[in-house]
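Structure, as structure tokens:
The values are calculated or read from the model by the stated rules, or taken from the named source; none is laboratory data. Small disclaimer: the values here were computed from a predicted structure and weren't measured. Backbone-built Cβ (ideal geometry, glycine too); neighbour counts: all protein chains shown.
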Amino acid sequence: MSSSLEQYQLEEETVNQLRASRDRIREQLGKVIVGQETVIEQLLISLFAGGHCLITGAPGLAKTLLVQSISEIFDLKFQRIQFTPDLMPADITGTEILEESSDGHRHLQFVKGPVFANVILADEINRTPPKTQAALLEAMQEHQVTAAGVRYPLEEPFFVLATQNPIEMEGTYPLPEAQLDRFMFNVNIDYLPEDDEVAVVQRTTTSKPEPIEKLYTGEDVLRFHDVVRRVPVAEDLVRYAVRLAGASRPGRQDAPDFVNQWVSWGAGLRAGQYMILGAKARAVLAGRPNVSRDDIDALVHPVMRHRVLLSYRAEAEGISVDDVISKIANHVSG
């Protein structure tokens with residue numbers, strides 16, 4: 001009995017720490033980032049839930065700075081990989097080289113690539129061809145790299161935070177659907193309002209930003225992951241998340257007409273999983289002991305944005321993927 005009480009007190013302490021951490025993290029990020037509250041919230045949710053995150057936006061919107069700042073706050077090993085058209089898979093995962101020992105014998109030695117870190121910033125991931133993009137698949141899903149039949153585990157915690165430019169821009173390659181599905185969220189980052197942009201210009205042209213304090217460690221992040229997964233959620237909310245994902249799949253008997261017309265491919269099983277896991281993290285960050293429907297509604301767009309493939313008809317009619325997701329949410333809620 002005492003063991004159960006101690007465990008409960010330990011988890012309660014961790015939940016309180018998570019709740020307090022949101023304000024502390026925002027305070028530190030505020031030293032270098034202005035605005036982008038929704039983007040920061042969704043990145044923190046993915047971090048505490050243990051999911052990878054895709055950040056979509058035009059160049060120059062501080063995507064790289066934001067990711068690097070978060071890794072500094074958590075005192076995590078950070079590696080930035082600049083994706084270019086000539087980047088090779090071995091440039092990400094590592095390669096074997098031939099070495100000669102002191103006794104004259106030669107042997108192959110695996111040299112680890114930049115993927116062996118806690119936080120990987122895959123910068124402009126859609127600037128490189130699919131073959132190189134796919135080099136991250138095993139790392140993202142299995143947290144390991146296989147080279148010459150030998151498996152090399154990655155350091156924990158492990159996150160891939162990838163940035164990409166809008167696909168309409170020249171010189172970009174669409175990410176394979178299998179890799180897109182590995183990302184928990186697709187977060188859209190847009191231009192700042194005028195007042196926030198004025199604040200950025202004033203701040204960056206007068207003095208250097210204050211250094212960011214290290215608030216947590218990798219062990220703290222792993223403990224947060226465990227606490228998030230223990231957050232209770234009612235079965236009807238799980239069923240609600242599953243219905244949201246299911247309503248996006250065309251060709252089903254209960255699929256809405258607009259989905260059959262505008263959607264070529266709907267969200268898979270991971271959509272429901274990530275909606276619930278993200279909702280748990282959002283609840284804990286807000287200091288609540290359980291998940292509410294609002295938590296799920298707040299994450300429908302970032303979870304499904306990269307999992308719903310529009311048809312040519314939708315594109316011809318000027319329908320965006322966010323428009324379709326909003327109609328799906330209204331359909332299921334109604």
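Structure above, values below:
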{"item": "Candidates Asn290, Asn260 - the one that is out of contact with any helix residue (DSSP H, G or I) (no Cβ under 9 Å at 6 or more places or on another chain) and free of Cβ contacts under 8 Å to residues at least 60 places away in the same chain", "result": "Asn260"}
{"item": "Residue check, Gly318 closer than 16 Å to Val238 by Cβ and not hydroxyl-bearing (Ser, Thr, Tyr)", "result": "no"}
{"item": "Of all residues in the range 98-124 being among the β-branched types (Val, Ile, Thr) and at pLDDT 85 or above, the one that is farthest from the chain's Cα centre (by Cα)", "result": "Val115"}
{"item": "Number of the exception - Thr163 against (1) loosely packed, with under 12 Cβ neighbours inside 10 Å; (2) hydroxyl-bearing (Ser, Thr, Tyr); (3) closer than 24 Å to Ile325 by Cβ", "result": "(1)"}
{"item": "Residue in the range 84-92 that is at pLDDT 75 or above and buried (at least 20 other Cβ atoms within 10 Å of the Cβ) present", "result": "yes"}
{"item": "From the options Tyr152, Tyr173, residue that is assigned to a strand (DSSP E or B) and surrounded by fewer than 19 Cβ atoms within 10 Å (Cβ to Cβ)", "result": "Tyr152"}
